[in-house]
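Here the structure comes first, spelled out in structure tokens, and everything after it is commentary.
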Amino acid sequence: MLNVPPQAFPAPSSQQRVAAGGRAKVPLKPGRSLMDWIRLTKSGRDLTGLKGRLIEVTEDELAKHNKKEDCWICIRGFVYNVTPYMEYHPGGEDELMKAAGADGTDLFDQVHRWVNYESMLKECLVGRMAVKPIAAPKGMLPEKKVLGASARDLTPSYDWFQTDSLITIVIYTKQKDMNAELVIVDCQDKRLRGEIIVDDHSYLVEVDLDHAVQEDVAVNIAEKVGKVEIILKKKDNIHWKMLGQALESHNTFIKRTERGLFYRKCKLVSKTEVTHDTKLLCLMLPRSTHLCVPIGQHVYLKQTIAGTEVVKPYTPVLPFLPLDFKEPPRHDGAHVYLMIKIYSCGLFTQALDHLQIGDYISVSNPEGNFKKSQVQTSEDLFLLAAGTGFTPMVKLLNFALTEVGCLRTVRLIFFNKTEDDILWRNQLEQLALKSERFEVQFILSQPTKDWVGKQGKISSSLLSEFVKRSRKDSKVLICICGPTPFTEQGVQYLKDLGYSQEEIHTFTA
Ligand code: FAD
Ligand code: NAD
């Protein structure tokens, strides 16, 4: 069955999300980078073979275009001629061919929902799938997305009330342990968007407000009863007849993976050097945004590069590693810190590096499948990081040392090329001095002859030396992050050493 979108043609605004699993990349031929693709799309060449016409495509017609040299794919009801894109696809031609002449939406969503295909493939758009009329049984409403009975019982609801100066929207989440990480609120130009995360579902209040409101928005969460209040300050103290016009996704409760990513523009407020090629960027959220990135989750940054929207994931860190373990870190809801390596030929990071203080960049809602409870139920925590794969470990490390009393050992095994590449080396060494429970081991793959520490890449012998249960049957969690081959090899070695899948968490997109 084809996924035909209910929205009007052309495509809605582009918002993608991340798949849970990683994807293999294949080496691209020279001249086939993303930048080369962007150049080709701007060259004015007819990439669809239809001379700019858009057509309605039947299922039969789609099925005919199933060869490498003539390949059409349907994504969310829109059909693209991906033949010219074949050699530029980072996942390889064979991956694309899996959906040749067919609906690739599910496959696309599994692998890389976040990739901005509407923008990337806009010159390849052939048209829209022809909608087959569906005969609805008499007396029934048109089909709606209905959740299972148990999920429906948990559907949040909302209400609103006003005083002379305030508008309060109350969301009854029906979830006991509500917290700031599960509530994302944005209010821009009279458009209010409040998203509540309930397990793997998302509830949305999304309205075009009846009247203007002030910039600062307050959010109160009654954690125990699961009540969330969004408090808006009226710009003019007039009586509102209604809250506003419901937008398309208003009052819906759907799977998170089905909800489009939402971006807000954040201001770059500082950029500091961490190493010779890595910078710490501080982005300021708009005053009307309430967003807190949970441990182990990433956000997407979106930039328009040479006219094409490009999206890449980054994992927020803390501004520094706190050395005081007495209090849980206070959530600074106003800033997002990103530690980003600038690659000399990197498309996205080069553009990022050219941002000036005061410039704006779009930041998405957080995503990721790491659960804090995984740490809370462990006795030994091992963090295997390579290069910027250190980023998800920052908040995790801080959480483990400040809030998880039952952890006996927290050990970071940090793989880098050279000494100069080690991120926050000083801070990590200080932390290791301060905390008896924390140890750090640096392992270099390209050390100078002066390096007296460990050398090499991830290997079974290195892992068996450093990853050990503190007791024979202690509960272990091993988190891994780095280049894909590093992560894949690490998982394999750990499994060979007898660790189970449940004891290993990989950070992937
Ligand atoms: P590309 O244009 O994709 O690559 C161009 C060239 O850059 C390559 O040919 C190569 O020469 C070089 N290059 C790119 N990647 C590598 C690499 N891994 N090793 C060696 N050379 C490489 N990055 C961060 O810096 N900080 C983060 O917090 C962060 N979080 C991430 C979270 C997730 C979930 C994922 C999947 C990735 C994360 N990344 C992070 C990586 C980031 O998303 C980009 O892939 C990275 O910034 C490179 O983007 P680019 O467009 O500049 O490079
Ligand atoms: P890098 O090239 O500086 O390499 C750092 C270390 O990784 C090397 O010293 C080596 O020990 C190891 N390594 C590199 N390539 C390897 C290979 N092929 N096999 C085995 N080990 C290898 O690393 P970098 O440039 O900082 O890249 C960091 C990577 O981490 C990027 O690929 C980035 O996408 C990824 N990352 C992922 C997340 C996430 O949450 N999924 C977050 C941040 C970074």
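May I ask you to compute the full-extension gain from Lys190 to Lys267, defined as 0.36 nm times their residue separation minus their alpha-carbon distance, rounded to one decimal in nm?
25.7 nm
What order do Glu488, Glu59, Glu503 take when sorted by accessible area (1.4 Å probe), most exposed first?
Greatest to least solvent exposure: Glu488, Glu59, Glu503.
Assuming R0 = 35 Å, can you tell me the calculated FRET efficiency for the pair Ile231 and His354, based on Cβ-Cβ distance, to the nearest 0.05? Before the final figure, lay out each step's value.
Values: r = 39 Å, r/R0 = 1.10.
Calculated transfer efficiency: 0.35.
When ranked by the protection proxy of mean other Cβ atoms within 10 Å per residue, highest first, what sequence do the peptides 343-351, 114-122 form?
Top of the packing list down: 114-122, 343-351.
With a ≥ b ≥ c taken as the square roots of the eigenvalues of the C-alpha gyration tensor of region 360-509, please select rounded if a/c is under 1.5 and otherwise prolate if a/b is larger than b/c or oblate if it is not?
Working: a/c = 1.25, a/b = 1.09, b/c = 1.15.
Rounded is the answer for region 360-509, as its axis ratio a/c remains below 1.5.
Pairs Lys271/Lys417; Lys122/Lys271; Lys174/Lys302; Lys395/Lys417; Lys233/Lys271: which are spaced more than 31 Å apart, C-alpha to C-alpha?
Working: Lys271/Lys417 24 Å; Lys122/Lys271 34 Å; Lys174/Lys302 34 Å; Lys395/Lys417 23 Å; Lys233/Lys271 33 Å.
Violating the 31 Å Cα-Cα cut-off are Lys122/Lys271; Lys174/Lys302; Lys233/Lys271.
Go through Lys68/Lys371; Lys42/Lys67; Lys372/Lys472 and tell me which ones have a Cα-Cα distance over 32 Å in this structure.
Lys68/Lys371
For region 253-303, go through all pairs of different Cα atoms, get the mean of 1/r, take its inverse, and jot down that Kirkwood value in Å.
13.6 Å
Just name one of Phe466, Phe442, Pro483: the one whose Cα is farthest towards the positive end of the charge dipole of region 394-496 (beta-carbon charges, Lys/Arg +1, Asp/Glu -1).
Going by the Cα projections, it comes out as Phe466.
In the neighborhood of Gly52, defined by Cβ-to-Cβ distances under 13 Å, what is the net charge if each Lys or Arg adds +1 and each Asp or Glu adds -1?
+2
Sorted by packing (mean other beta-carbon atoms within 10 Å per residue), highest first, where do 236-243, 83-90 land?
Highest-to-lowest ranking by the protection proxy: 83-90, 236-243.
R0 = 45 Å: FRET efficiency of Glu436 with Glu502, Cβ-based, nearest 0.05?
0.95
Name the aspartates and glutamates eligible as straight-distance cross-link partners of Lys434: C-alpha to C-alpha under 20 Å, and not fewer than 8 places from it in the same chain.
Asp324, Glu327, Glu379, Asp380, Glu403
With only alpha-carbon atoms counted, please give the Rg and Dmax of region 156-232, in Å.
Spelled out, the Cα radius of gyration and Dmax of region 156-232 are 12.0, 37 Å.
For region 464-509, what's the relative contact order in percent, using C-alpha pairs closer than 8 Å and at least 6 residues apart?
In percent, rounded to a whole number, it is 46.
Can you tell me the Rg and the Dmax, both Å, for the Cα atoms in region 329-372?
13.7, 37
On the protein heavy atoms, probe 1.4 angstrom, tell me the percent of accessible surface of the chain carried by carbon and sulfur.
51 percent
Counting Lys and Arg as +1 and Asp and Glu as -1, each charge on the Cβ, what is the dipole of region 253-316 about the Cα centre in debye, to the nearest 20?
280 debye
With +1 on each Lys and Arg Cβ and -1 on each Asp and Glu Cβ, and nothing else charged, work out how big the dipole of region 464-508 is about its Cα centre, in Debye to the nearest 20.
Around 240 debye, computed over region 464-508.
Work out the length of the dipole vector of the chain about its Cα centre, built from +1 on the beta-carbon of each Lys and Arg and -1 on the beta-carbon of each Asp and Glu, and round it to the nearest 20 debye.
For this selection, approximately 60 debye.
Would you mind calculating the gained length between Ser460 and Asp473 on full extension (0.36 nm times residue separation, minus the Cα-Cα distance), in nm to one decimal?
Answer, rounded to one decimal: 2.6 nm.
For a Förster distance of 35 Å, can you work out the FRET efficiency between the beta-carbons of Ala334 and Glu59, rounded to the nearest 0.05? Let's see the in-between values first.
Details: r = 50 Å, r/R0 = 1.43.
The formula returns an efficiency of 0.10 here.
Name all residues of region 166-199 having a backbone nitrogen under 13 Å from the label point set 7 Å from the Cα of Thr304 along its Cα→Cβ direction, giving them as ranges.
So the set is empty, nothing qualifies.
Could you work out the Rg to Rh ratio of the chain, with Rh taken as the Kirkwood radius (inverse of the mean 1/r over all Cα pairs)?
For the chain, the value is 0.98.
Provide, for q = 0.12, 0.16, 0.18, 0.22 Å⁻¹, the log10 of I(q)/I(0) from a solvent-free Debye sum over equal Cα point scatterers in region 171-307.
Values returned for q = 0.12, 0.16, 0.18, 0.22 Å⁻¹ are -0.57, -0.95, -1.14, -1.48.
Excluding Val82 itself, what net charge comes from residues whose Cβ is under 12 Å from its Cβ, given Lys and Arg +1 and Asp and Glu -1?
Values: positive: Lys67, Lys68, Lys98; negative: Glu69, Asp70, Glu87, Glu93, Glu95, Glu123.
Net charge around Val82: -3.
Given the chain, what percent of its DSSP beta bridges are antiparallel, to the nearest 5?
Beta bridges within the chain, antiparallel portion: roughly 75 percent.
The values are calculated or read from the model by the stated rules, or taken from the named source; none is laboratory data. Since the structure is predicted, the reported quantities are computational estimates derived from the model, not experimental observations. Backbone-built Cβ (ideal geometry, glycine too); neighbour counts: all protein chains shown. These area figures cover heavy atoms from the full protein model, side chains too; ligands, DNA and RNA do not enter into them. Shrake-Rupley method; radii C 1.70, N 1.55, O 1.52, S 1.80 Å.
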